[in-house]
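Each remark here refers to the structure printed beneath this line.
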Amino acid sequence: MAFPSWRVSLFAIGLCTMLGSLVLVRATGPVQDKKPDLTEAKYYGVSTCNKCHADSPDGKPGKFATDFVLMNEFTTWRTKDKHALAYLVLEGPRGQQIGKILDLDVTKDPKCLNCHATTSRQDRRGKGFNPFDGVSCDGCHGPAQHWIIDHALDPDNWRYKTPEEKEELGMYDVRNPVKR
């Protein structure tokens, strides 16, 4: 299925805007000579990751190599992973019943959101983060604030970083089952 050129243009403009705003945040912030404070790092969620890690309309992987990752991770997460539905459970009948029993709003209370969304803290939500996405990319890979720029703007260089180098920026090593 081919997309009209205006849709492709809008997508490209949106991607450039998103990456440009992330670059601006990094460019105007303090120079990082030391390891960033990951206890306050922001989560960006699936709206940042799905631009590259989703199946393309024609089913082809696009310009990125697929020998290291499949580049369909968003699609797999959205269609096959229960984490994508974690927040919706709170809005469903069972979640609402639990809310009545506990006398709290399960869609807003941190005691619920800490498990059914990636974070419950407003101050840790970066641009594009949406708790409705459930347990999203940053939930497993770590808050993206300090690694998303290198990851998105220079993917060829990113793939050659060691897991330890990526961890210093806050990206968790999900390939290591002990750490995962």
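The values are calculated or read from the model by the stated rules, or taken from the named source; none is laboratory data. Computed from a prediction, not measured in an experiment: that's the story for all the values here. Heads up, the Cβs are rebuilt from the backbone with ideal geometry, glycines too, and the neighbour counts pull from every protein chain shown. Please note that ligands, DNA and RNA were not included when accessible areas were found on the heavy atoms of the full protein model with its side chains. Shrake-Rupley method; radii C 1.70, N 1.55, O 1.52, S 1.80 Å.
Assorted remarks:
- Residue match in region 110-129 (condition: more than 22 Å from L85 (Cα to Cα) and either basic (K, R) or in contact with a strand residue (DSSP E or B) (Cβ under 9 Å, 6 or more places away or on another chain) (or both)): no
- Residue count for region 61-95 under the criterion of being of a type in the set (S, T, N, Q) and open to solvent by 80 Å² or more (accessible area, probe 1.4 Å): the result is 1.
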